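Here is the structure we will look at, set down as structure tokens.
The values are calculated or read from the model by the stated rules, or taken from the named source; none is laboratory data. Just so it is clear, the structure is predicted and the values come from calculations on it, not from any experiment. Because the Cβ atoms are built from the backbone with ideal geometry, glycine has one as well, and the counts that use them run over all protein chains shown. With ligands, DNA and RNA removed, areas are computed over all heavy atoms of the protein, side chains included. Shrake-Rupley method; radii C 1.70, N 1.55, O 1.52, S 1.80 Å.
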Amino acid sequence: MEAAKEKTAFVTLEGNNLSYQKLGLDTRTPDLHYMENDDIPSSALELEWDMETELEELGTEQFPSDGFIHCHEKNSAAIQSHTIASNQVSISPKGRFQRLEEEPEYFSHYTESKPKISQQFCTVVKTCSLFMFTFLMGILIGYFSKRNLSSNSCILPNELDSSNEVHIIHEIVNDVTKESIERFYRYFTQISVNKTDSDLAKNIALLWTSIGLKEVQLVNYSVLLDLPGSSPNTITLNNGQCYYPNGQQCDEETKSQELLYTYTAYSANGTLEGEIIDVQYGTVEDLRRVTQIKHISKKSIALLKLGFLPLLYKISLLEETGFGGVLIYIDPCDVPETKNHDETFKVSLNREGFPFTSKSSNYDGNSWEIKSNITLLLVQPVTISLLKRLFTWTESTMADQCLPFKVPETAQIRITLNINSVQKYKEISNSIGFLRGSLLPDRYIILGSTHADVYGRNTSEWISGAASMTSIISSIMLKVKNGWRPPRTIIFCSWAANPFGSFGSYKWGKELQKILASNAVAYIGLQSPVGGNASLYSVSSPSLQQLASDLAKKMQITCAQKEACYKANVSSIQVQGDADFFINQLGIPAAQFAFADNKAKIPHIFSEVLFNDEKTSMNEMNGFFHLHEYVAKLTSEMVLRIASDPVLPFNALDIALEIQKRIEGNDVSTDLIEIAKHLRETAQLFQSNEMRPANDPKERDPIRVRMLNDILQNMEKNFLLSSSPPGFFRNMLYRLDETATRFSILLEAQEHSKITKSNETLMTALQEVSNCINSAQLYFKEGLHLFEFDEKERD
């Protein structure tokens with residue numbers, strides 16, 4: 001079906017590198033095409049001349065001129081396989097093949113008179129001989145001089161002027177101001193009215209181009225969305241009384257548009273009549289208690305609170321237990337006072353951008369074979385107002401106490417749940433911008449935010465991220481226009497269709513997975529940077545937590561909300577967002593800074609829901625743009641540090657310490673404890689013997705730095721599980737929340753074994769964790785052997 005096929009624009013794949021066609025303001029969308037190496041022009045001089053001409057044209061952009069270009073010429077043998085724009089050596093015809101001038105006195109030695117024909121013949125022979133001799137000598141001189149220059153004078157990554165880079169980064173960060181963010185915030189607020197996803201992506205691409213980013217493109221996809229039906233979903237009692245999910249009666253005048261979007265994307269459709277059974281949070285203990293006193297059937301409808309475990313996982317447990325439907329809600333005791341617990345909301349059961357199962361999915365290069373839904377259960381979000389109408393419930397009047405909602409044991413309420421949604425394909429667009437690295441263009445640091453969801457609403461969540469991202473780009477481009485570029489490539493991404501499962505990031509990442517798997521260094525997110533003003537909150541891979549903490553402490557003096565900034569918290573927990581693909585499929589370090597209201601009883605309870613009324617007044621939050629400025633400064637410095645530091649600022653030992661902390665004190669095998677101990681010892685040796693010396697400019701060696709960075713870039717890939725329970729991260733380094741003391745997969749397996757009455761699941765999970773830790777230990781050990789071998793070879 002043509003409508004189902006993905007449409008990708010402006011993408012060219014060359015070898016193992018990633019490149020987008022450079023069209024400036026042209027936003028046409030030609031088809032994706034792949035360029036094989038055989039398609040590269042065979043004429044070396046033609047290509048070299050074109051390359052020189054292009055570089056001369058780029059001179060108007062005030063890029064580094066001779067120094068930068070010649071460095072690529074001198075070092076082409078070492079890095080030609082990693083250049084993004086082309087895999088050909090860039091050498092001008094005016095370079096080593098330049099014709100040598102003839103010596104004017106050469107023929108003065110031959111003054112004797114000879115026959116005319118013989119004299120002409122000898123002249124021709126001598127001229128040819130001289131030409132060949134000088135030509136060969138020119139080649140040899142050019143070859144050896146090039147080798148000497150390459151080894152002695154080319155600026156390699158480890159020879160960067162660190163003080164100059166630090167000064168430039170400091171200036172870029174200072175140029176990210178609240179005034180700039182506010183200006184872009186107001187701009188996005190104005191242009192977002194009645195605009196489609198693709199329209200907004202196009203406007204973002206044009207804006208980025210106007211502030212100096214030369215390589216900005218749109219990437220289009222056709223995706224299957226689960227959209228609301230023509231009328232709101234309803235809950236009807238046996239007496240015929242009909243209610244909407246917000247508690248209003250069906251015959252009352254209501255905001256139909258708001259209620260249309262009070263639904264669960266990728267839920268099953270249809271009508272179900274059955275009894276409501278309170279399962280509280282839907283944990284294993286809750287389900288064991290319920291099944292002992294209630295008979296569960298396909299006509300049973302679970303009443304489920306959000307929190308504690310991933311929603312998708314709890315849905316899978318309810319389906320396994322035998323339920324036919326689910327009503328989900330937020331308990332008033334689980335939210336801070338600043339939040340309205342009675343707002344209507346929607347959820348999506350699709351976390352990974354593709355609503356498909358691993359057993360039945362089929363990818364033909366253009367489209368996925370899609371399941372009609374994620375679960376067989378009918379799932380509907382409801383508010384406390386509706387539950388008050390269905391059940392007798394008295395709220396606590398005590399100021400220091402909250403009474404959680406619970407259905408009376410004697411209550412027996414039967415309802416008819418009616419759910420209807422429509423699945424259809426819709427075109428979405430990502431805006432992708434490239435700032436090519438000056439020395440390591442094959443290494444990508446990805447900075448991502450979202451733009452408006454497919455509902456086309458004017459929400460502060462995506463506008464905050466988009467404004468902060470654009471302010472960062474604007475500040476960086478001021479330096480680029482003066483001739484500076486980061487050593488590594490920065491890719492700016494504005495993702496589409498986030499509420500439905502991060503379609504934009506998953507589609508783009510999946511399409512370029514092989515390239516990103518070898519070239520992506522880190523993912524830094526700007527998703528909803530200001531969701532509250534209580535404290536700074538950071539989600540970070542263990543390897544980046546030290547850098548995140550250092551930057552937060554360093555930036556505290558510039559924070560207007562001093563108390564909120566001093567409460568900075570950095571942890572590795574799993575939250576929904578566009579970082580999912582990069583964390584769970586690529587296994588690269590990731591981080592995200594944000595201000596949040598941390599007064600909720602259950603942390604991150606709102607990460608799975610999307611409220612229908614998300615407009616935020618700038619006057620509602622103290623220091624609204626001051627908070628944006630602080631997050632944007634932290635984000636920009638982290639991106640620039642990773643893009644510019646000669647040695648990647650990743651901490652191997654912190655990973656080992658985190659793993660040991662998750663194992664010690666828990667009931668696990670002694671073998672696993674021993675493996676974790678060996679990992680810590682090896683990581684400590686690696687960090688002491690290799691990482692610390694490499695940070696001393698006097699001790700850096702170009703080859704060793706490249707080897708070290710490759711090891712640091714790929715170390716988190718060792719912790720990707722072969723499979724994970726629904727809703728759980730594949731990357732085992734991420735926990736469910738800050739209170740978790742064990743690996744999530746072990747915690748889930750231990751709980752699941754209580755249902756199955758078998759230890760098989762737990763033993764499988766233990767083996768998975770053991771394999772990952774052992775793989776990482778061998779990985780660092782082999783890295784140490786590589787450096788030892790390199791030293792022996794040099795001796």
Report task. For the stretch 647-670, name all the residues that are open to solvent by 20 Å² or more (accessible area, probe 1.4 Å) and within 20 Å of R704 (Cα to Cα). Result -> P649, N651, L653
Query raised in the report: Just checking, which of P702, P697 is surrounded by fewer than 20 Cβ atoms within 10 Å (Cβ to Cβ), modelled with pLDDT of 80 or more, of a type outside the set (D, E, K, R) and over 26 Å from the mean Cα position of the chain (by Cα)?
Result: P702
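Can you say whether K305 is open to solvent by less than 30 Å² (accessible area, probe 1.4 Å) and of a type in the set (K, R), as far as the supplied structure shows?
Against the criterion (open to solvent by less than 30 Å² (accessible area, probe 1.4 Å) and of a type in the set (K, R)), K305 qualifies.
Does the stretch 503-515 include one or more residues that are over 21 Å from E716 (Cβ atoms), touching a Phe, Trp or Tyr at 6+ places or on another chain (Cβ under 6 Å), open to solvent by less than 10 Å² (accessible area, probe 1.4 Å) and modelled with pLDDT of 80 or more?
Within the stretch 503-515, one or more residues are over 21 Å from E716 (Cβ atoms), touching a Phe, Trp or Tyr at 6+ places or on another chain (Cβ under 6 Å), open to solvent by less than 10 Å² (accessible area, probe 1.4 Å) and modelled with pLDDT of 80 or more.
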Query raised in the report: So, of the residues in the stretch 727-741 that are in contact with a Phe, Trp or Tyr (Cβ under 7 Å, 6 or more places away or on another chain) and either outside any loop (DSSP other than H, G, I, E, B) or in contact (Cβ under 8 Å) with a residue 60 or more places away in the chain (or both), which turns out to be nearest to L349 (Cα to Cα)?
Result: G727
Query raised in the report: Scanning the stretch 531-576 for residues that are touching a Cys at 6+ places or on another chain (Cβ under 9 Å) and outside any helix (DSSP H, G or I), which turns out modelled with the lowest pLDDT?
Result: C559
Query - Hits in the stretch 717-758 (condition: modelled with pLDDT under 85, open to solvent by less than 40 Å² (accessible area, probe 1.4 Å) and farther than 25 Å from T291 by Cβ) - result: D737, A740, R742
Requested in this report: Give just the number: which of (1) at pLDDT 85 or above; (2) within 21 Å of the chain's Cα centre (by Cα) does N771 not satisfy?
Outcome: (2)
Requested in this report: Answer yes if at least one residue in the stretch 783-790 is closer than 21 Å to L312 by Cβ and without any contact (Cβ under 8 Å) to a residue 40 or more places away in the chain, and no otherwise.
Outcome: no
Requested in this report: Residue by residue through the stretch 168-200, note down the ones that are among the aliphatic types (A, V, I, L, M), modelled with pLDDT of 90 or more and part of a helix (DSSP H, G or I).
Outcome: I168, I169, I172, V173, I181
Query - Search result, residues across the stretch 230-264 that are free of Cβ contacts under 8 Å to residues at least 60 places away in the same chain, out of contact with any helix residue (DSSP H, G or I) (no Cβ under 7 Å at 6 or more places or on another chain) and not polar (S, T, N, Q) - result: G240, C242, C250, D251, E252, E253, K255, L260
Report task. Could you please find all residues in the stretch 774-795 being at pLDDT 90 or above and open to solvent by less than 20 Å² (accessible area, probe 1.4 Å)? Result -> A776, F780
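Give the residue that is modelled with the lowest pLDDT, with candidates limited to residues of the stretch 201-211 that are of a type in the set (G, A, S) and crowded, with 17+ Cβ neighbours inside 10 Å.
It comes out as A201.
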Requested in this report: State whether the residues of the stretch 453-463 include one that is open to solvent by less than 10 Å² (accessible area, probe 1.4 Å) and part of a strand (DSSP E or B).
Outcome: no
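Scanning the stretch 240-299 for residues that are assigned to a strand (DSSP E or B) and open to solvent by 50 Å² or more (accessible area, probe 1.4 Å), which turns out farthest from K754 (Cα to Cα)?
By that ranking, first place goes to T271.
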Query - Matching entry among N366, N362, N430, N420 (being out of contact with any strand residue (DSSP E or B) (no Cβ under 6 Å at 6 or more places or on another chain) and at pLDDT 90 or above) - result: N420
